[in-house]
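I have placed the structure first, in the form of structure tokens, so that the comments after it can refer back to it.
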Amino acid sequence: MSYIPNINRYEQMDYRRCGQSGLKLPAISLGLWHNFGQLDDFENARQLIHRAFDLGITHFDLANNYGPPPGSAEENYGKILKQDFGRFLRDELIISTKAGYRMWPGPYGEWGSRKYLISSLDQSLKRTGLNYVDIFYHHRPDPETPLEESMQALHDIVKSGKALYVGISNYPAEVARKAIQMLKELGTPCLLHQPKYSLFERWVEDGLLDVLEETGTGCIPYSPLAQGLLSDRYLKGIPKDSRVAKGVGFLTESHLSPDKLEKIKQLNELAVERSTTLAQMALAWVLKDPRVSSVLIGASRPEQISDAVECLEKLYFEPEELSAIENILKP
Ligand SMILES: NC(=O)c1ccc[n+]([C@@H]2O[C@H](COP(=O)([O-])OP(=O)(O)OC[C@H]3O[C@@H](n4cnc5c(N)ncnc54)[C@H](OP(=O)(O)O)[C@@H]3O)[C@@H](O)[C@H]2O)c1
């Protein structure tokens, strides 16, 4: 079936300015880490992209290594773009990719050298069939390569026209500050930082969010649902089609300790009192901070994307709700 985008797609989504840049991102963005690889159902992947775009999600996040096998999520996304989005809709999309993790054998296939970053982006462009990406990230800090070399490569990538903006991911606060300053001096502002952040993962509150605010850099937290733990997915056991049961990534049964499950159940009760789903409450909780430009979700079914977008109808938390959440999360 050919795809006809929803003509009302821009009416229900909020678009937030990314730091002090000119770019706005949808409050909810979709990541293609899981469920878009060669081993996944292509038609389902296509439906996920359609549902997202129909709901006003204009931003799709990739990385060189998403699959499995690595690279296949970029290939599949490229096929969906070609088949359903044509030449004209490209200008309505913000597509990102990254390099940092191991992608090919030998000393040039990972981390942060100029050699790796530029070659990897060239490969990503081939796999997706794109002429340029909107955002190119350094995926993780490299303890050995001089930061100057990685940032110079990002700057040169923008100058070459292969990316419109650049970002960093998983950088601790003080390394992020240096990287952002270097990019500013080179004349290519750092658009945004992509850190892991959710009710269960709070490290960004210890300095990173302040650095991003001070430097006018955007923030797009990933895994805001803790890979599905912060939803109703595991309340009654481990469903066969869940990320834990599939066993292809890093989320395993060991993450569902009795203590964690108890916290999930209590958070779910609070969400029900707010008349939302737990996933909606977890997303709203991340989005309540104005320093957050967008939250980057994953999904295995189109309905999960619709559920996520509904969180925008209830972003406000009463002070008592926030302290109830803190009480539940206490170690
Ligand atoms: N920069 C980095 O280092 C990095 C690292 C990781 C991820 N990321 C990016 O962040 C994106 C999102 O990460 P993530 O997939 O871990 O995010 P997530 O949103 O925390 O988890 C997504 C999973 O949660 C479940 N889920 C989603 N919506 C739901 C709903 N409404 N109700 C019930 N369950 C729901 C689904 O699990 P089931 O599959 O079990 O249905 C889904 O696959 C990735 O695709 C990637 O783009 C970046």
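Does segment 96-110 contain at least one residue that is in contact (Cβ under 8 Å) with a residue 60 or more places away in the chain and away from the ligand (no atom under 13 Å from the Cβ)? Can you show your working first?
Step one: list which residues in segment 96-110 are in contact (Cβ under 8 Å) with a residue 60 or more places away in the chain, which gives 96, 98, 100.
Still in the list and also away from the ligand (no atom under 13 Å from the Cβ): none.
There is no residue in segment 96-110 that is in contact (Cβ under 8 Å) with a residue 60 or more places away in the chain and away from the ligand (no atom under 13 Å from the Cβ).
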request  = Could you tell me which residue of segment 34-83 is surrounded by the fewest Cβ atoms within 10 Å (Cβ to Cβ), considering only residues that are among the charged types (D, E, K, R) and touching a Lys or Arg at 6+ places or on another chain (Cβ under 7 Å)?
outcome  = E75
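Can you confirm whether V309 is modelled with pLDDT of 95 or more and out of contact with any helix residue (DSSP H, G or I) (no Cβ under 6 Å at 6 or more places or on another chain)? Can you show your working first?
Numbers: modelled with pLDDT of 95 or more: yes; out of contact with any helix residue (DSSP H, G or I) (no Cβ under 6 Å at 6 or more places or on another chain): yes.
Answer is yes for this residue.
Output the number of residues of segment 138-187 satisfying the condition of being small (G, A, S) and part of a helix (DSSP H, G or I).
Here is the first cut: in segment 138-187, the ones small (G, A, S) are 150, 153, 160-161, 163, 167, 169, 173, 176, 179, 187.
From what is left, the residues that are part of a helix (DSSP H, G or I) are 150, 153, 173, 176, 179.
Within segment 138-187, residues that are small (G, A, S) and part of a helix (DSSP H, G or I) number 5.
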note = Flagged in segment 22-67 as without any contact (Cβ under 8 Å) to a residue 60 or more places away in the chain and not in a loop (DSSP other than H, G, I, E, B), in numbering order, are K24, F42, E43, A45, R46, I49, F53, D54, F60
Helices (runs of 4 or more DSSP H) wholly inside segment 222-323 that include at least 2 residues being more than 12 Å from the ligand (Cβ to nearest atom) and free of Cβ contacts under 8 Å to residues at least 12 places away in the same chain = 258-273
message = Going residue by residue through segment 198-220, is there one that turns out to be touching a His at 6+ places or on another chain (Cβ under 9 Å), crowded, with 22+ Cβ neighbours inside 10 Å, under 23 Å from P26 (Cα atoms) and hydroxyl-bearing (S, T, Y)?
response = yes
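The values are calculated or read from the model by the stated rules, or taken from the named source; none is laboratory data. Small disclaimer: the values here were computed from a predicted structure and weren't measured. Every residue, glycine as well, gets a Cβ built from its backbone with ideal geometry; the counts of neighbours run over all protein chains shown.
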